[in-house]
Amino acid sequence: MNRGCLAAATARLFLFQGSMNPERLQGLGMAVAIEPLLRDLEGGPAGKAYHEAIGRAAGFFNTHPYMAGLAVGAVAKAEHAGVPSQQVDRLRMALKGPLGSLGDRMIWEGVLPAAAAIGLSLSTMTNPFIAVGAFLLLFNAPHVLLRWWGLRAGWRLGIDVAEALSHPVLQAGLKISGPMAALAIGFAIPVVAEWLTTGLDAAARWGTAAVGLSTAIVTRWLVPTLGAARLGILALAATLVLGWLS
């Protein structure tokens, strides 16, 4: 496999969710990403092997988009190795859950909240442009590296791709991402709260704290399906109405 095909497949991983649909979810994205890696199958792009492999890749698939490179690389390598089609399908289906769980825990529950909390903290202490730059770097660097590494690890290991999930760096990232997010958020909350309430009198500060506590209670225990975003919109609407009436 030449580097050009790997580079093309890596670039297409960034479009992995661009063709999501209710029937196949990320299946078409899988087919688009894997296509450069299948061009040198027997017969080339006009051959039967190429078309059958693309058809299999376009079937139902859904996992964490940042970890999908492992599946793309592994499935492509399996196709090149002549693995039976049923086994290729089982490989693709078997990777959905583990990659989805790993990505959710490491990215959505770790890297993203940590990067956001650090960005918010920096916005209160430095130039806002520095804060935005820090957030973009801290969030995007890990997922770009994951896409790049995952595709190559999957291609190298093929049907033995499960070995990649126990890679020391990946396991270390999984272990530290959660505590890192907790630490960053714990630091950001009082820093940002102090910045937001600067200039307010004691009553206003206690009122702000009460609103925050009420939001946590409502969204966590009373009406968990409401969500913080919906509750925030309702609170904003109520504030506007009260402002107009006063």
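Rule-based calculations on the coordinates, nothing more; no lab input. On a predicted model such as this, the values are computed, not experimentally measured, just so you know. Methodologically, a virtual Cβ is constructed for each residue, glycine included, from the backbone with ideal geometry; neighbour enumeration extends over all protein chains shown.
The base-10 log of I(q)/I(0) for the stretch 25-71, evaluated at q = 0.13, 0.23, 0.26 Å⁻¹, reads -0.28, -0.76, -0.89 [Debye formula, identical scatterers on Cα atoms, solvent excluded].
Among 80, 167, what is the fewest-to-most ranking by other Cβ atoms within 10 Å? Don't jump to the answer; show the numbers that get you there.
Values: 80 18, 167 12.
The order, fewest Cβ neighbours first, is 167, 80.
Between the helical axis of 112-125 and the longest alpha-carbon principal axis of the chain there is an angle of about 40 degrees. Calculated FRET efficiency, residue 214 to residue 40, Cβ-Cβ distance, R0 = 41 Å: about 0.10 to the nearest 0.05. For the stretch 1-107, the alpha-carbon radius of gyration amounts to 1.00 times the rule-of-thumb value 2.2 N^0.38 Å expected for a compact globular protein. Taking Cα centre as origin and charging only the Cβ of basic (Lys, Arg, +1) and acidic (Asp, Glu, -1) residues, the dipole magnitude of the chain rounds to 180 debye. Taking 96, 48, 77 as the candidate residues, the one with maximal mean-square fluctuation in a Gaussian network model of the chain, Cα springs under 10 Å, is 48.
If exposed means no more than 11 neighbouring beta carbons inside 10 Å and the site is in a DSSP loop, what's the longest run of the chain without any exposed GluC sites (Glu not before Pro)? Numbers along the way, then the final one.
Details: sites that count: 23, 42.
The segment 43-246 is the longest one with no such site.
If you wrap the stretch 69-135 in the convex hull of its Cα atoms and look at it from every side, the mean projected area works out to 5.5 nm².
Which value in deg cm²/dmol, rounded to the nearest 500, describes the helix-derived mean residue ellipticity at 222 nm for the chain, given -39,500 (n - 2.57) per DSSP H run of n ≥ 4 and division by the residue count? Don't jump to the answer; show the numbers that get you there.
Working: 10 runs with 168 residues, N = 246.
Rounded to the nearest 500, the figure is -23000 deg cm²/dmol.
Which number do you get for Rg(Cα) / (2.2 N^0.38 Å) in the stretch 129-228? So the Cα radius of gyration is 1.61 times the expected 2.2 N^0.38 Å.
If you sort the three axes of the alpha carbon gyration tensor as a ≥ b ≥ c, you get a/c of 1.5 or more for the stretch 167-226 and a/b no higher than b/c, which makes it oblate. In terms of its Cα atoms, the stretch 199-246 spans 32, 24, 14 Å along the principal axes, sorted from long to short.
Taking 0.36 nm per residue of separation and subtracting the current Cα-Cα distance, fully stretching the chain between residue 160 and residue 242 would add 23.3 nm. Could you work out how far the C-alpha centroid of the stretch 15-48 sits from that of the stretch 145-163, in angstrom? Measuring centre to centre over Cα atoms gives 17 Å.
Given a cut-off of 31 Å, what percent of all Cα-Cα pairs of the stretch 3-196 lie beyond it? Value for the stretch 3-196 (Cα pairs over 31 Å): 27 percent.
Here residue 175 is the anchor, and the lysines within straight C-alpha reach of less than 25 Å, apart from those fewer than 8 places off in the same chain, are 96.
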